[in-house]
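What follows draws every value from the coordinates through simple rules; no lab data is involved. The shown structure was predicted, so the numbers you read here are calculated from the model rather than taken from an experiment. Here the Cβ is made from the backbone with ideal geometry for all residues, glycine too, and neighbour counts use every protein chain on show.
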Ligand SMILES: Cc1cc2nc3c(=O)[nH]c(=O)nc-3n(C[C@H](O)[C@H](O)[C@H](O)COP(=O)(O)OP(=O)(O)OC[C@H]3O[C@@H](n4cnc5c(N)ncnc54)[C@H](O)[C@@H]3O)c2cc1C
């Protein structure tokens, strides 16, 4: 039982570190101020093949495991950057890989692997459904050979920097199915062909994270836009969640590392009352504790990643890693803000930017309350705490 990385994986880490070093705090700070997309950074990653880690070699990808994908995202965030700009390009294609037809895979995966096509937008959340995905109302009606979609999504991220969109929609109404999670289907939409059938309204948030409300009106889709089996979309989305949780945990661990590293440096250099502030236990203990929390979360993340790569069930570990890592990052963010005193709030240091960015993962892609409910019910066997009330 040894969670240390192999020499090859360490070299891989060095490689992504070198790319990230070309995009320092000043780069991210300028983008944040103007709410711009890190296009140059994402291009550098695509060109270097860093986003095609999980695509098998037969479709032009690197054919590596989730461990390597974790390394990439952790290093991006540990360098002071923000993997959220492009993380979904790594894993959204998983739905296609696992459930798509051979012809869909041949058509899209090599283009995604080469970075010529971006599939980094996924629309699940709806304003009225919230965390209860089974309540989504966007409907794809069968018409002729294809489908016609009507409905509304909210918080659909990176849509304006994506060529393709993965959409979850109902294909049968809740009153027509045995379980409310039945009758949902996944569709791959070519946004370049959607025209005015999709209206996009950007949502301004506290982070530089391009996210949008979508309004779909009579959006016509061909039959081969369907991914996997009609009606099995909920199950298919769930299949991809473990990868997403493990990878997002890795970003949080990268964030925590960055906060700790910056704080150690600052606490050594900043002299108040004639000594470095780091000589005070009141300052050094929170740094040490934040470091330990992140290390513990990292072990859970590697446990989840190792099981994922071995093809073993890892839902519990992936969920726990996501919660522990996002909380470790948030504790580290708080700690760094305190360590820096007033300077933590100065935009120049980057602390307040990363503080805002680290906060997101307590909520997205799933809230930590829902993760806790999952562990209570599915790991500990406690009664289900939600979804027992309403009808349908
Ligand atoms: C910047 C950003 C980017 C996002 N990107 C995407 C994206 O690309 N695609 C996408 O589909 N979605 C995206 N989301 C949506 C995100 O996944 C949701 O915000 C999240 O899942 C929570 O849903 P909600 O906001 O509707 O909260 P709600 O479900 O309304 O929950 C509100 C609060 O109530 C709590 N709560 C609800 N039910 C329970 C319960 N039974 N027990 C205990 N607590 C409960 C929640 O934990 C939360 O704290 C994004 C969100 C943000 C902010």
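A few comments on the model shown:
- Projected label points at residue 364 and residue 4, each 7 Å from Cα along the beta carbon direction, are separated by 3.8 nanometres.
- Here the convex hull built on the C-alpha positions of the range 146-201 has a volume of 99 cubic angstrom per residue.
- Cα pair count fraction exceeding 24 Å, expressed as % - the range 7-113: 27 percent
- Each of the peptides 3-14, 240-251 was scored by the mean count of other Cβ atoms within 10 Å over its residues; in descending order, highest first, they stand as 240-251, 3-14.
- Over all projection directions, the Cα-based convex hull of the range 1-57 averages an area of 5.7 nm².
- Cα-Cα pairs of the chain separated by more than 27 Å (percent): 51 percent
- Summed over qualifying helices (DSSP H, 4 residues or more, each -39500 (n - 2.57)) and divided by its residue number, the chain shows a 222 nm mean residue ellipticity of -14500 deg cm²/dmol.
- Alpha-carbon Debye profile of the range 202-288, log10 I(q)/I(0) at 0.15, 0.17, 0.18, 0.23 Å⁻¹: -0.86, -0.97, -1.02, -1.12
- One decimal place: the segment residue 269-residue 296 gains 7.0 nm when fully extended, by the rule 0.36 nm per residue minus the C-alpha distance.
- Dimensions of the range 235-379 based on its C-alpha atoms, expressed as ranges along the principal axes with the largest first, amount to 59, 25, 24 Å.
- Considering only Cα atoms, the convex hull volume of the range 301-343 works out to 53 Å³ per residue.
- For the range 206-250 and the range 1-57, distance of Cα centres in Å: 24 Å
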